[in-house]
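Remarks on the structure that follows.
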Amino acid sequence: MSALLAEQHEGHWWTDKDEVEVLTFNLGGETFALEAVTVQEILDLLPETAVPGASAFVASVINFRGKVIPLADLRLAFAMERTEATIDSRIIVIQIDLQGEETLIGLMTDKVNEVTTLAKSASELPPSVGMRWRADFIRCLVKRAGQFIIIPDLNTIFSSRHEAGRGTTDLSAKG
């Protein structure tokens, strides 16, 4: 990744802050984090309604406070194996800007961990070689307590899935 691209990539996440408050969660044995301000609510599992013809990535919708919102399985974006829900499984409802519109999306997780603060000084860009995931799906990796926390780039993940036309699920449920 070029120095300019790396600066833009990293700067987009940290935006003049030395620390960011995040919600950490597990997927497929890995720890991920989302900026806490995007999180609307953490839910126990809810009944899902399958959307015929939708991609496996966003194959169903849920009712969130009277609104129908897409339910995404980030495991599939990261080419992880789909797993059965457990007693620890949760749905994180987030609100992000997708193509200029505030959009509510539910994210399946294996377990929600904690709200914590991550330091910019502990972050680095994903390596361009040796990653099992698409590097553009990861904003950065943050080292903490001997492990890496993965900060996914949800805008890239959802935009690439939407533009690829891999299903008919509309991600434009507005908040």
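Brief remarks follow.
- Considering only residues in the range 24-37 that are open to solvent by less than 30 Å² (accessible area, probe 1.4 Å) and out of contact with any Ser or Thr (no Cβ under 8 Å at 6 or more places or on another chain), the one that is farthest from D136 (Cα to Cα) turns out to be A36.
- Residues that are touching a residue at least 40 places away in the same chain (Cβ under 8 Å), open to solvent by 20 Å² or more (accessible area, probe 1.4 Å) and assigned to a strand (DSSP E or B) within the range 46-86 comprise V61, K67, V68, listed in sequence order.
- Every residue from the range 90-104 that is within 17 Å of G28 (Cα to Cα) and either open to solvent by 10 Å² or more (accessible area, probe 1.4 Å) or over 15 Å from the mean Cα position of the chain (by Cα) (or both): R90
- Given (1) surrounded by 19 or more Cβ atoms within 10 Å (Cβ to Cβ); (2) more than 20 Å from V39 (Cα to Cα); (3) among the aliphatic types (A, V, I, L, M), index of the condition A135 fails: (1)
- Filter result for the condition that a residue is in a strand (DSSP E or B) and of a type in the set (K, R), over R139, R132: R139
The values are calculated or read from the model by the stated rules, or taken from the named source; none is laboratory data. A quick note: this is a predicted structure, and the numbers were derived from the prediction, not measured. Virtual Cβ from ideal backbone geometry, glycine too; neighbours counted across all protein chains shown. Accessible surface areas use protein heavy atoms only, side chains included; no ligands, DNA or RNA. Shrake-Rupley method; radii C 1.70, N 1.55, O 1.52, S 1.80 Å.
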